[in-house]
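Chemist: Attaching a single structure in structure tokens format; questions to follow.
The values are calculated or read from the model by the stated rules, or taken from the named source; none is laboratory data. All values derive from a computational prediction rather than experimental measurement. Don't worry about glycine lacking a Cβ; one is built from the backbone with ideal geometry, like all the others, and counts go over all protein chains shown.
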């Protein structure tokens, strides 16, 4: 099992319900058998619509727990979800934050990416946690800073893998693909996308490829999207990437906290 975090401001309810995204044309019902674990999409949508309706900032965490075991049982996944919920809210009051989760068992076991290559699909759990305190009625972050919580998430991940005898990413390191290979095939960046949408796509690449461990490695991975320059500004204090998309007038500086060197996942053996 591997746990991946990402954050966004909108779109998760539609994605979970309908399943469609750029470059993929199957509906959710065609793709997966959904098993509801905690909460429901109607309640989740209500909570997300109760604050920051203009979606100017990140509104929720979208967490995936992915498994390489094709025949993992529903009971085991339910137990893991219960343990994850208790772990993630260990410092919170019961019911302080909304928690949504559901299992996706693939009906379609493999898909063709935008480069015509086949990739396999495995069972996974989706978790969504709005950044909203149900007790105070105010925005709140139940998880704290990414760099502070990462080592605890990794420890929990390996605890679950050992307890349930699951394959661990430390035993299944994938080779990082660069240029217009695997990443370019799985993700799409177009000139008409906003800077925010482009950054969200690149952040998803980081979250879904935990073997990327530096700004330099990220630059190699995304260079197929355009002209990539790694800048080391003394005023900024650390290296950052400038990405110039073909068809866009200006480059995009990836200076946000989600792209900083300290937040990249390191190889498990070095943790």
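Chemist: Check off (1) under 27 Å from residue 47 (Cα atoms); (2) in contact with a strand residue (DSSP E or B) (Cβ under 6 Å, 6 or more places away or on another chain); (3) at pLDDT below 90; (4) surrounded by 18 or more Cβ atoms within 10 Å (Cβ to Cβ) for residue 204 and give me the number that stays unchecked.
Modeler: Every condition holds for residue 204 apart from (4).
Chemist: Could you tell me whether any residue of segment 216-231 is in a loop (DSSP other than H, G, I, E, B) and either more than 25 Å from residue 112 (Cβ to Cβ) or at pLDDT 85 or above (or both)? Walk me through how you get there before you give the answer.
Modeler: At the first step, the residues of segment 216-231 found to be in a loop (DSSP other than H, G, I, E, B) are none.
There is no residue in segment 216-231 that is in a loop (DSSP other than H, G, I, E, B) and either more than 25 Å from residue 112 (Cβ to Cβ) or at pLDDT 85 or above (or both).
Chemist: Related question: On the basis of being in contact with a strand residue (DSSP E or B) (Cβ under 7 Å, 6 or more places away or on another chain) and either surrounded by fewer than 13 Cβ atoms within 10 Å (Cβ to Cβ) or touching a residue at least 60 places away in the same chain (Cβ under 8 Å) (or both), does residue 112 make the cut?
Modeler: Criteria met by residue 112.
Chemist: Show me the strands (runs of 3 or more DSSP E) found entirely inside segment 1-110 where at least 2 residues are at pLDDT below 90 and closer than 21 Å to residue 130 by Cα.
Modeler: Filter on segment 1-110 gives 2-8.
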